[in-house]
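Worksheet: one structure, shown below.
The values are calculated or read from the model by the stated rules, or taken from the named source; none is laboratory data. Treat the numbers as computed from the prediction; the structure is a model and nothing was measured. Glycine also receives a Cβ, built like all others from the backbone with ideal geometry; neighbour counts cover every protein chain displayed.
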Amino acid sequence: MIKKILFLGPQGSGKSTQGRLLAQFLGLKYISTGDIFRAMTGEIKQILDQGKLVDDQITSKIVKEKLKDKEFKNGFILDGYPRTVEQINLFNPDFDLVIYLNLSDDEAIKRLLARGRADDTLDAIAERLRNYHNQTDPVLDYFQELGLLKQIDGTGSIDLVQQRIRDAIND
Ligand code: AMP
């Protein structure tokens, strides 16, 4: 039984939309570190505006505390954590499955500019994609080694991508 799912993908890949849909379908709670940080002010907001990652220690501590909540005891889809190897070492939820939504940088930039969120300036987008590949590719390698990784083509309509994910889970 799949209860703990990690969702990863570059910004613009649709991972929060797809994560929410899958959570509904499987009856799991959805939780996103991006949502958590976007609700914060001050120093954290500045870090997000610059397209940087929040400090590993702070991030791991927040996620660890959140997941202790009883609403997550029957499982969850965690969108966006861990995103660095250091975070894996600090706190590693015992995932049953890792889904990576694959999208080219060009396609990601096109989608992000179209969505026009406040933290989506071109500079911030480019910085986030660079950070993303540098820091998160080793995380993908780690879960690939464990045999937990499923790579999903993130192009196409929301429905099409969701269907690909459901098909991959049933494999
Ligand atoms: P997202 O919505 O997943 O693109 O996340 C938005 C922003 O939140 C990222 O650009 C980071 O600044 C921050 N963030 C989200 N998840 C993490 C994480 N696991 N570690 C560090 N920063 C994160």
Residue match in segment 124-147 (condition: assigned to a loop (DSSP other than H, G, I, E, B), among the hydroxyl-bearing types (Ser, Thr, Tyr) and modelled with pLDDT under 95): no
Those residues of segment 77-102 which are within 9 Å of the ligand (Cβ to nearest atom) and either of a type in the set (Gly, Ala, Ser) or farther than 25 Å from Asp171 by Cα (or both), in sequence order: Gly80, Arg83, Thr84, Gln87
The lone exception for Asp120 - which of (1) part of a loop (DSSP other than H, G, I, E, B); (2) surrounded by fewer than 18 Cβ atoms within 10 Å (Cβ to Cβ) it fails: (2)
Among (1) without any contact (Cβ under 8 Å) to a residue 40 or more places away in the chain; (2) closer than 19 Å to Lys3 by Cβ - the single one Pro82 does not satisfy: (1)
Candidate set: segment 123-166, residues that are more than 28 Å from Glu86 (Cβ to Cβ) and among the aliphatic types (A, V, I, L, M); chosen: the one surrounded by the most Cβ atoms within 10 Å (Cβ to Cβ): Val161
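Among the listed residues Gly116, Gly156, identify the single one that is on the phi > 0 side of the Ramachandran plot, at pLDDT below 90 and not acidic (Asp, Glu).
Among Gly116, Gly156, only Gly116 is on the phi > 0 side of the Ramachandran plot, at pLDDT below 90 and not acidic (Asp, Glu).
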Residue ID - farthest from the ligand (Cβ to nearest atom), chosen from residues in segment 36-53 that are without any contact (Cβ under 8 Å) to a residue 24 or more places away in the chain and under 25 Å from Gly75 (Cβ atoms): Ala39
